[in-house]
1. Within segment 75-96, can one find any residue that is at pLDDT below 95 and touching a His at 6+ places or on another chain (Cβ under 8 Å)?
2. Filter segment 19-73 down to residues that are part of a helix (DSSP H, G or I), within 22 Å of residue 105 (Cβ to Cβ) and of a type outside the set (A, V, I, L, M) and give me whichever is nearest to the chain's Cα centre (by Cα).
3. If you scan segment 92-117, which residues turn out to be more than 14 Å from residue 21 (Cα to Cα), touching a Leu at 6+ places or on another chain (Cβ under 7 Å), of a type outside the set (A, V, I, L, M, F, W, C) and in a loop (DSSP other than H, G, I, E, B)?
4. Name the residues in segment 102-116 that are within 11 Å of the chain's Cα centre (by Cα) and surrounded by 15 or more Cβ atoms within 10 Å (Cβ to Cβ), would you?
5. Would you check if there is a residue in segment 78-86 being within 23 Å of residue 30 (Cβ to Cβ) and among the hydroxyl-bearing types (Ser, Thr, Tyr)?
6. Taking segment 74-93, which residues are of a type in the set (Val, Ile, Thr) and farther than 20 Å from residue 41 by Cα?
7. Taking the options 119, 77, name whichever one is crowded, with 19+ Cβ neighbours inside 10 Å and in contact (Cβ under 8 Å) with a residue 24 or more places away in the chain.
8. Of everything in segment 118-152, what is at pLDDT 75 or above and either among the aromatic types (Phe, Trp, Tyr) or closer than 29 Å to residue 21 by Cα (or both)? Give them in sequence order.
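The values are calculated or read from the model by the stated rules, or taken from the named source; none is laboratory data. This structure is a prediction, so every number in the text was calculated from the model and none was measured. In this analysis, Cβ positions are derived from the backbone assuming ideal geometry, glycine residues included, and neighbour counts consider all displayed protein chains.
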Amino acid sequence: MFDSTARSPAGSTASITTVSDIVCQIVRGEIEAAVVSRDEQVVAFLDHRPVFKGHVLVAPVPHVDTLLELPPELALPLLATAQQVARAIGTALGAQGTFVAVNNVVSQSVPHLHVHVVPRTKGDGLHGFFWPRVRYAEGEMADYARRLAEALPPA
């Protein structure tokens, strides 16, 4: 680990110490990327191994490992940029929609939070999630909902 030149927003709880992941390297200009948007808080660039051409990764500029560590002051800029990119994908590429996703630890190939914004068109061959689906037993859904609600902070 080393000190990064990436600046955190005022009052951010994000660390200015970063690991040398590919997103941090792109932020510092050490690796070239096809950047489509950048400000002091968020960077968006084309994925070099896209699901479909135009697949964009949107990431906070300060290093943040996962969604669980994302400071609240970066949440809105990150999501707003993902929304703007999704809109631009429709306008610029003629996509009918987008698939927007965040892997959190499992299947997260880069240890830097990033949002995938993937162009979608009906009949593009992507068939949702290929995971087995399960059913809740009688009363089990309410129990899961209660347990999750109790684990959330008060509104």
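1. The answer is no, given that none of the residues of segment 75-96 is at pLDDT below 95 and touching a His at 6+ places or on another chain (Cβ under 8 Å).
2. Filtering first and then ranking leaves 69.
3. If the condition is that a residue be more than 14 Å from residue 21 (Cα to Cα), touching a Leu at 6+ places or on another chain (Cβ under 7 Å), of a type outside the set (A, V, I, L, M, F, W, C) and in a loop (DSSP other than H, G, I, E, B), then 104 is the only one that fits.
4. Correct list: 102, 103, 108, 112, 113, 114, 115, 116.
5. Yes: one or more hits.
6. Applying the first criterion (of a type in the set (Val, Ile, Thr)) to segment 74-93 yields 81, 85, 89, 91.
Of everything in segment 74-93, those that are of a type in the set (Val, Ile, Thr) and farther than 20 Å from residue 41 by Cα turn out to be 89, 91.
7. Exactly one residue qualifies, and that residue is 119.
8. Selection gives 118, 119, 120, 126, 136, 144.
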